[in-house]
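The values are calculated or read from the model by the stated rules, or taken from the named source; none is laboratory data. Quick caveat: nothing in here was measured; it's all calculated off a predicted structure. Neighbour counts are summed over all protein chains in view; Cβ atoms, including those assigned to glycine, are modelled from backbone coordinates with ideal geometry. SASA here: full protein model, heavy atoms, side chains in, ligands and nucleic acids out. Shrake-Rupley method; radii C 1.70, N 1.55, O 1.52, S 1.80 Å.
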Amino acid sequence: LYYNAQGSNTASFDVSATSSDAQSGIQKLTFPTVSGMSGGGDDSSSPYSTTYTWDTTTTATGTQTVTATNGAGATATSTFTVTKDTTAPTGQTVDLAGGPWYTTASVPLTTSSSDGESGVATTQVQRDSATLSAGSCGTFSGSWSTVTLSSGADSTVASGNCYRYRLKISDNVGNQATSSSSADATVDTTAPIAPSLTATE
């Protein structure tokens, strides 16, 4: 179990367990005391469970042991692990595939992201735009909007515009990171005006 103890974060999680003993029966299940969390202790009736609550002061990381005790005093154990995860994801990139000139209203992209702790939960491709004029991009607005890719491409682009992209990702406990922006994609789906010819003798 991963938890994000920073800022104003606080939350609870439940740990439940089952055990049986065909001879003397189960006397109790003992849930561990986890440093910096409330919860844990003995539970003598099925279903066996406890609720742990953590806050921003909690630092516990590691293996926690649940102990089953039968009527004769013999015990057996199982474990779960808690891990504090306050680290943003890393390795997120978004790049143009081909380009930078695109002659159809579609900009293919390659993306990657990773998280070595709780794992990547959500990935958002975001886009900024500028006007394309005489082969050059104007000033980008600085306003990033989320786009949905279709088969790995942004098919909501329009001719006569420049686009740059970035990737925003969140891990499973809410840590967020944003990639640096891609190179600028330029979209021009309009053929040039037919040449005007003059013949001279």
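Going by what's in this entry, would Lys28 be described as more than 30 Å from Gln176 (Cα to Cα) and touching a residue at least 12 places away in the same chain (Cβ under 8 Å)?
For Lys28, the condition - more than 30 Å from Gln176 (Cα to Cα) and touching a residue at least 12 places away in the same chain (Cβ under 8 Å) - is met.
Taking the residues in region 164-192 that are touching a Gly at 6+ places or on another chain (Cβ under 8 Å) and over 16 Å from Thr93 (Cα atoms) as candidates, determine which candidate is surrounded by the most Cβ atoms within 10 Å (Cβ to Cβ).
Val187
In this structure, does Asn161 turn out to be open to solvent by less than 50 Å² (accessible area, probe 1.4 Å) and within 25 Å of Phe13 (Cβ to Cβ)?
No.
Would you be able to tell me the number of residues in region 104-156 that are open to solvent by 50 Å² or more (accessible area, probe 1.4 Å), among the aliphatic types (A, V, I, L, M) and within 17 Å of Ser179 (Cβ to Cβ)?
Here the count works out to 3.
So how many residues does region 31-73 have that are in contact with an Asp or Glu (Cβ under 8 Å, 6 or more places away or on another chain) and without any contact (Cβ under 8 Å) to a residue 24 or more places away in the chain?
0
Would you pick out the residues in region 58-109 that are within 21 Å of the chain's Cα centre (by Cα) and within 30 Å of Pro192 (Cα to Cα)?
Asp95, Leu109
Among the candidates Thr50, Thr33, which residue alone is more than 22 Å from the chain's Cα centre (by Cα) and under 12 Å from Phe80 (Cβ atoms)?
Thr50
How many residues, within region 101-143, are of a type in the set (A, V, I, L, M) and in contact with a Leu (Cβ under 9 Å, 6 or more places away or on another chain)?
Total satisfying the criteria: 3.
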